[in-house]
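In what follows, a structure is listed as C-alpha cells, so that the remarks can point back to it.
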Amino acid sequence: MYPLYILSLVITIPLWHYINDRSLNYYDLIKNVFLLQNIIPGSGNGYNYPSWSISAELWVNIALLYFLFKKNSAPIAIILCFASILVWFSSAENISHAHSEEVFLTTVGFFRCVAGISAGVVTYKAFAYVNTRRCDNQEKSYLRQSVWTLLEFLAITAVILCIYVQRLQLHYVAVLIMPIVIFIFALNGGWLSSLLSWRGVARIGAYSYGVYLLHVPVLFSFRAVGIMEHRGNDLLDGFTVLLVATLLSIPVYHWLERPALRMVKGFVVKV
C-alpha cells in the first residue's frame with residue numbers, strides 16, 4: 001500500500017502546487033508523507049484527496065484492529081460503531097462529505113473510519129459464524145440461487161440509491177448499509193456474487209487501489225495542460241479520467257504493488 005501511495009504523492013504534489021499556485025508547506029508535506037493528514041486537524045484532505053481515508057484507516061487499524069478481532073469482541077465493535085456515528089453526526093456540518101473537520105483533537109474522518117472498521121469486524125464475525133454452519137456439500141438449488149440473487153440485486157440497488165438519490169438521504173447511513181451488502185455477497189449464494197468471484201473480474205479488483213490513488217493525479221495532469229479546466233461534460237470527463245487511471249494502474253500493480261505485497265508477506269512469515 002505505502003509504496004504506491006508515495007508514488008502517487010510524488011506525482012500529485014507538484015501538480016497540486018502548480019494548479020493552486022502555492023508554495024510548498026513543509027509541515028503539510030511531513031504530515032502527508034507519514035499519513036497524518038487526516039489525523040492531525042488543519043490539513044484538509046491532503047494533496048492527493050482520496051488519501052484522507054488511507055490516513056485515517058491506517059491509524060485506526062493500528063489502534064483497534066487486533067483488539068477488535070479478539071474473541072467475543074463483537075459487542076464492543078457494535079458499541080464503537082454507533083458511538084462513532086453519533087460523534088460524526090453531531091460534529092459535522094456536511095455529514096455526507098465530512099473528512100477533515102476537527103473534533104476531539106482529531107478529525108471527523110477518523111471517527112468515520114472507526115465506525116466503518118468496527119462495522120466491518122462485526123460483518124466478518126457474522127460471516128464466519130454463518131459460514132461455518134453451512135453444509136459445504138449441499139448443492140445450490142435453482143430457488144435458493146434465485147432468492148440470493150434477488151437479495152444481491154436489492155443490495156446493489158441500495159448502494160446506488162445511497163450514491164445517486166440524494167433526496168432519500170441514505171448516504172447518512174451508508175456505513176450501516178455497506179456491511180450488510182458485503183455480508184450478502186460474501187456468502188456467494190447468488191449468480192451476481194458468482195460473477196464477481198470470476199477470476200477476470202477479481203483481477204479488476206486487484207487494480208482498484210491503483211485507480212483510487214491515481215485518478216486525482218490523472219485529473220490534475222489534465223488540468224495542468226489545460227484540459228478539463230471548465231468541465232462541460234462531467235460524464236465524459238469522469239470516464240476519461242477513470243479509463244486513464246485504470247490503464248496506469250495495471251503496470252503499477254504488477255511492477256510496484258504486487259512485489260511490495262510479496263515482500264511484506266515474506267517478512268510477516270519470517271516474523
Pairwise centroid distance, computed over Cα atoms, of segment 1-47 with segment 210-266, Å: 17
Gaussian network model of the chain, springs between alpha carbon atoms under 10 Å - residue of Ala77, Ala206, Ala115 with greatest fluctuation: Ala206
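Which FRET efficiency value, to the nearest 0.05, is calculated for Lys265 and Asn61 with the Förster distance at 22 angstrom and r the Cβ-Cβ distance?
Numbers: r = 17 Å, r/R0 = 0.77.
With R0 = 22 Å, the Cβ-Cβ based efficiency is 0.85.
Where Lys and Arg each count +1 and Asp and Glu each count -1, what net charge lies around Ala77 among other residues with Cβ under 13 Å from its Cβ? Spell out each step's value before the answer.
Numbers: positive: Lys70, Lys71, Lys125; negative: none.
Net local charge, Ala77 excluded: +3.
Across the chain, how many lysine pairs separated by 8 or more positions, or lying on different chains, have Cα atoms within less than 25 Å? Working shown, then result.
Values: Lys70/Lys125; Lys70/Lys265; Lys70/Lys270; Lys71/Lys125; Lys71/Lys265; Lys125/Lys140; Lys125/Lys265.
Taking the chain as the scope, the lysine pair count is 7.
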Identified option (computed semi-axes √(5λ) of the Cα gyration tensor in Å; candidates (1) 33, 24, 21; (2) 33, 26, 18; (3) 39, 19, 16): (1)
Max mean-square fluctuation residue, GNM over the chain, Cα-Cα springs under 10 Å, options Val218, Val159, Val122: Val159
In degrees, nearest ten, helix 51-60 long axis to first principal axis of the chain (Cα): 60
Tilt relative to the chain, helix 234-252 - C-alpha long axis, 0 to 90 degrees, to 10: 80
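Under the classification rounded if a/c is under 1.5, otherwise prolate if a/b is larger than b/c and oblate if not, where does segment 1-59 fall, given a ≥ b ≥ c as square roots of the Cα gyration tensor eigenvalues?
oblate
What is the sum of charges, Lys and Arg at +1 and Asp and Glu at -1, for the other residues whose Cβ falls under 15 Å from the Cβ of Ile39?
Charge balance near Ile39 sits at -2.
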The chain: angle of helix 2-20 to the longest principal axis, Cα-based, in degrees nearest 10: 40
Cut-off under 5 Å, modelled amide H: who pairs with Val103 long-range: Val108
Whole-Hz couplings from phi, Karplus 6.51/-1.76/1.60, listed for segment 61-73; x for Gly and Pro: 4, 4, 7, 10, 4, 4, 5, 6, 8, 5, 4, 6, 9
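Read-outs: derived from the displayed coordinates by stated rules, not from any lab. Treat the numbers as computed from the prediction; the structure is a model and nothing was measured. Here the Cβ is made from the backbone with ideal geometry for all residues, glycine too, and neighbour counts use every protein chain on show.
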